[in-house]
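Colleague: Pasting in a structure now, in structure tokens, and then I'll have a few things to ask.
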């Protein structure tokens, strides 16, 4: 009787492990020799937004196991590219946008949307390498409205969480703000607020930081934030006809993150033990412009005969690799069977 119970328990364990096998089927390593592509689909409902320029920047290389290494010039910026969640990828895109515009970083590739609101990269005879990209769209005016595309991060290839497979041709749908063209001159207000994440190291906090206000990518004003002004500043009377961005001059010993909440830019400085870039290990990227890592969303509704029909998930996803799981599961099964055979052998000897 005891032998039967043990055998039943072992068989139940084996059955449960076999049931788990499909859910952890390996996506495998990334094929770095495989061509990658990105299609940006930019539409207001069913209306294609045409003639909009998008620039992409190669931020980090990726190895076969999904580990990132920042490229030049992005390695010099004090940013934390870990991508813990969608909000982190959105903040990273917003932060890098300021540095790219301020420093005039040359894009890896550029293109404009066609009559169906799509643009595909690489353009022409160029090619793209697997890795992490920043995507920026320029301000666009169409049908009496102004469109501002939000910056976003995308990984090529993307991980399709449902199929647990790498997708080398990725489609992204940017998020955007849209307002009617004002009939009279309009001014806007922008605020900046400094937040410190340096528990236990407050005494090492710098006495001041320098923040730059960019107008259409050019430095328009520079302010100094200190404890005396509560680490904040407000700009008023800014022309709404321009794109305003905030960037902080780099601080040694801190990473920087810039997020926008309405008219306020929140700059968060996090203390780091060493003044060096942290390893880049994204956890399902994908931007707020696409939503970087929550599984491939449905594809956009395209009109007939688009310039290039997008394929694959819209959003970048750099989830953790599952390739070790099936191997460990198989090893567990072998150990169970080996133990069962030993028990049976011992019983036969008795």
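Colleague: Report, to two decimal places, the Cα Rg of segment 206-253 normalised by 2.2 N^0.38 Å (N = number of residues).
Modeller: Normalised Rg, Cα atoms only: 1.24.
Colleague: For residue 195 and residue 216, what is the calculated FRET efficiency with R₀ set at 25 Å and r taken between the beta-carbons, to the nearest 0.05?
Modeller: The pair residue 195/residue 216 has a calculated efficiency of 0.40.
Colleague: At a 10 Å Cβ-Cβ cut-off, how would you order 81, 263, 209, fewest neighbours first?
Modeller: Arranged by neighbour count, lowest to highest, 81, 263, 209 become 263, 209, 81.
Colleague: Moving on to the next point. In whole angstrom, note down how far apart the Cα centers of segment 52-126 and segment 199-259 are.
Modeller: 22
Colleague: Give the whole-number value, in cubic angstrom per residue, of the convex hull volume spanned by the C-alpha atoms of segment 37-271.
Modeller: Convex hull volume per residue, Cα atoms: 140 Å³.
Colleague: Taking other Cβ within 10 Å of each residue's Cβ, how do 94, 127 sort, fewest first?
Modeller: Neighbour counts put them in this order, fewest first: 127, 94.
Colleague: If you don't mind, there's one more thing I want to ask. Please report 218, 125, 90, 202 as a ranked list, fewest other C-beta atoms within 10 angstrom at the top and most at the bottom.
Modeller: Least to most surrounded, the residues fall as 125, 202, 218, 90.
Colleague: So if we plug the beta-carbon distance of residue 273 and residue 183 into 1/(1 + (r/R0)^6) with R0 = 41 Å, what FRET efficiency do we get, rounded to 0.05?
Modeller: FRET efficiency, residue 273 to residue 183: 0.15.
Taken together, the values in this text are just the output of simple stated rules run on the coordinates, not laboratory data. This structure is a prediction, so every number in the text was calculated from the model and none was measured. Note that each Cβ is placed from the backbone with ideal geometry, even for glycine, and that neighbours are counted across all protein chains shown.
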